[in-house]
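See below for the structure under consideration.
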Amino acid sequence: MVTRARLAAVDEANFTLDHAGQVNVFLVAGLVRPGGFVGADGLPDMPMLRRGLSERIETLPQLCRVAVPVGRRHAWAELAPDLEHHVRAIPAVRGVGGLEQVCAGLMCVPLPRDRPLWELLVVPGATTDGLGIVLRIHHAIADGMSAVAIARTLFQEDAQRAPAPVPSATRPAAPGPSLAQRSQRMAVGLQRTLVTVINHGVGQTALLGPRSALHGVRFLDVGLGSLTSHVRPLGGTVNDALLDAVAAGYRAALTALSEPIPKSLPVSVPVALTRHEGSANQVGVMLVRLPLDETDADHRLRLIAGQTRREKPRARAQGTLELMRGPVGARIMDVIGRRQRLVAGFVTNVPGPSGTLRLCGAPVAAIWPVAVLAANVRSGVAALSYEGRLWCGIHVDAASIPGSAFAEGMAQELIRLTT
């Protein structure tokens, strides 16, 4: 192994947040149809899959290195992945429900730190005419945007346009901010840090608290065309529609828990930053208060859209959350996060590929992301656009949150938004 540079501070922070009870990975599950390495009988040819991926993996240095300790930090060391381990089949499941259970279990299983921080699992039985797949990539080597770019390189894309390149660590940084801008950022940063530490906006609720080892995952999808047609005249985006559906999910879950419905519920929403040199994780965050007491559904969406229009530029201007800019802040955040009452959930939406993906010749028919649960937050929703649909993964602490009620509430709102 040849040692490279140390992990960037923000990537080290993401490494810090991966520990027992908190698996910090980008996870996406999917279904593939027969073709290429998937036979007409739905069985995989694993040697063919490994051969097909080997050359692509060689072009992705993120997948060919391991983090080694250097004092209290880590540095990257080159290490060729053993594809017998990193690309492997697991026992068969029963349908998409079985694939959901596999994903729920994997959110409790950390990636081995003595190997490159990723894996691609083949899941027989997830569909009657093909296979399931699960790709996991550690957040220390990729945020959502760069993880999708890695997936597009691993897979072959029948793109309507050229695939976006994997975000580069050698791209030059933009000109630095002026003194006035730096002063303003420091003031806003101090305010954000204090709010993170002392805010108690979320009352007592089952949505927050110590998390169990029992995870639950549910998958949903909806047509993007009809969704966009409904929300655009209201001044909203697909992301606003997702947040509206999540609000309906929380209402349904709280009702099932016999908890009172609050006026609003704050959630944390990542915002992609301009890519620049230095780190794999370049994500800001905005706080969106989901209006749960608003009975006029279209007005609720307008309220959400108004917030995101204001908050997204502010989040981009401020950059990475202050306590996530290095491992020391991440350790502090990890501790205070166990008792935080600033946010009740996580919601993320990542633009997906423009064309059909093929995994070693097998067309990808469905693709669902699964959000990370961290701190004392017991629920999260992730979404990804692909093949004209929005694919959503709902992830909950199943010992505390009724995932079926959450999913049903979201599904009903998505139906309303597309009819």
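Scanning segment 1-53 for residues that are under 18 Å from the mean Cα position of the chain (by Cα) and of a type in the set (Val, Ile, Thr) gives VAL10, THR16, VAL23, VAL25, VAL28. Could you please let me know if GLU387 is surrounded by fewer than 21 Cβ atoms within 10 Å (Cβ to Cβ), free of Cβ contacts under 8 Å to residues at least 40 places away in the same chain and assigned by TED's automatic domain parsing to the domain that holds ASP221? Spelling it out, GLU387 is indeed surrounded by fewer than 21 Cβ atoms within 10 Å (Cβ to Cβ), free of Cβ contacts under 8 Å to residues at least 40 places away in the same chain and assigned by TED's automatic domain parsing to the domain that holds ASP221.
Would you check which residues across segment 371-406 are more than 17 Å from ALA344 (Cβ to Cβ) and part of a helix (DSSP H, G or I) and list them? Result: SER404, single match.
If the condition is being outside any strand (DSSP E or B) and of a type outside the set (Gly, Ala, Ser), then segment 56-80 contributes ARG56, ILE57, GLU58, THR59, LEU60, PRO61, GLN62, LEU63, CYS64, ARG72, LEU79.
Taking segment 282-296 as the range and being assigned to a loop (DSSP other than H, G, I, E, B) and touching a Phe, Trp or Tyr at 6+ places or on another chain (Cβ under 7 Å) as the test, only LEU292 passes. In the same structural domain as ALA13 (by TED's automatic domain parsing), farther than 23 Å from LEU220 by Cα and modelled with pLDDT under 95: does that describe ILE90? It is false that ILE90 is in the same structural domain as ALA13 (by TED's automatic domain parsing), farther than 23 Å from LEU220 by Cα and modelled with pLDDT under 95. In summary, ALA297 fulfils each of the numbered conditions (1) modelled with pLDDT under 90; (2) surrounded by 18 or more Cβ atoms within 10 Å (Cβ to Cβ); (3) among the small types (Gly, Ala, Ser); (4) under 17 Å from MET410 (Cα atoms) with the single exception of condition (2).
Restricting attention to segment 256-281, and to residues there that are of a type in the set (Gly, Ala, Ser) and part of a strand (DSSP E or B), which single residue is farthest from ARG6 (Cα to Cα)?
Start the filter on segment 256-281 by keeping residues that are of a type in the set (Gly, Ala, Ser), which leaves 256, 258, 264, 268, 272, 278-280.
Right, trim to part of a strand (DSSP E or B) and you get 264, 268, 272.
Values: SER264: 42, SER268: 29, ALA272: 23 Å.
Filtering segment 256-281 for residues that are of a type in the set (Gly, Ala, Ser) and part of a strand (DSSP E or B), the one farthest from ARG6 (Cα to Cα) comes out as SER264.
Restricting GLY201, GLY236 to those that are in the same structural domain as GLY329 (by TED's automatic domain parsing) and modelled with pLDDT of 95 or more reduces the list to GLY236.
Tell me whether segment 230-238 contains one or more residues that are surrounded by fewer than 24 Cβ atoms within 10 Å (Cβ to Cβ), under 19 Å from the mean Cα position of the chain (by Cα), among the aliphatic types (A, V, I, L, M) and in a strand (DSSP E or B). The answer is no, given that none of the residues of segment 230-238 is surrounded by fewer than 24 Cβ atoms within 10 Å (Cβ to Cβ), under 19 Å from the mean Cα position of the chain (by Cα), among the aliphatic types (A, V, I, L, M) and in a strand (DSSP E or B).
Restricting ARG331, ARG310, ARG314 to those that are modelled with pLDDT of 95 or more, among the basic types (Lys, Arg) and not in a loop (DSSP other than H, G, I, E, B) reduces the list to ARG310.
Considering the conditions (1) of a type outside the set (Ser, Thr, Tyr); (2) touching a residue at least 12 places away in the same chain (Cβ under 8 Å); (3) closer than 30 Å to ALA213 by Cα, VAL364 is excluded by exactly one of them, (3). A search for C-beta distances below 6 Å between a residue of segment 61-76 that is within 14 Å of TRP118 (Cα to Cα) and any residue that is part of a strand (DSSP E or B) and of a type in the set (A, V, I, L, M, F, W, C), counting only pairs 6+ apart in sequence or on different chains, returns LEU63/TRP118; ARG65/TRP76; VAL66/ALA77.
May I ask you to say which residue of VAL370, VAL364 is touching a Leu at 6+ places or on another chain (Cβ under 7 Å) and over 23 Å from ALA245 (Cβ atoms)? Step through it out loud before you land on a result.
Numbers: VAL370 fails: over 23 Å from ALA245 (Cβ atoms).
Every option except VAL364 fails the conditions.
Kindly check whether there is at least one residue in segment 248-263 that is free of Cβ contacts under 8 Å to residues at least 40 places away in the same chain and of a type in the set (Gly, Ala, Ser). There is at least one residue in segment 248-263 that is free of Cβ contacts under 8 Å to residues at least 40 places away in the same chain and of a type in the set (Gly, Ala, Ser). Of all residues in segment 343-363, those satisfying the criterion of being over 15 Å from LEU27 (Cβ atoms) and part of a strand (DSSP E or B) are GLY345, VAL347, ASN349, THR356, LEU357, ARG358, LEU359, ALA362, PRO363.
Within segment 112-155, the only residue that satisfies the criterion of being surrounded by fewer than 19 Cβ atoms within 10 Å (Cβ to Cβ) and in contact with a His (Cβ under 8 Å, 6 or more places away or on another chain) is ARG115. May I ask you to verify whether CYS103 is under 20 Å from ALA142 (Cα atoms), within 23 Å of the chain's Cα centre (by Cα), outside the structural domain of SER212 (by TED's automatic domain parsing) and not in a helix (DSSP H, G or I)? Spelling it out, it is not the case that CYS103 is under 20 Å from ALA142 (Cα atoms), within 23 Å of the chain's Cα centre (by Cα), outside the structural domain of SER212 (by TED's automatic domain parsing) and not in a helix (DSSP H, G or I). Counting only residues that are at negative phi and either part of a strand (DSSP E or B) or among the small types (Gly, Ala, Ser) (or both), segment 12-55 holds 18 of them. Within segment 408-419, the set of residues being at pLDDT 95 or above and either closer than 11 Å to VAL246 by Cβ or in a loop (DSSP other than H, G, I, E, B) (or both) comprises GLY409, MET410, GLU413, LEU414. Residue selection: GLY35 satisfies the criterion of being over 20 Å from ARG136 (Cα atoms) and either of a type in the set (Lys, Arg) or surrounded by 15 or more Cβ atoms within 10 Å (Cβ to Cβ) (or both). Of the residues LEU414, LEU359, the single one that is of a type in the set (A, V, I, L, M) and within 27 Å of MET286 (Cβ to Cβ) is LEU414.
The values are calculated or read from the model by the stated rules, or taken from the named source; none is laboratory data. Everything numeric here is computed off the predicted structure, so don't read it as measured data. Virtual Cβ from ideal backbone geometry, glycine too; neighbours counted across all protein chains shown.
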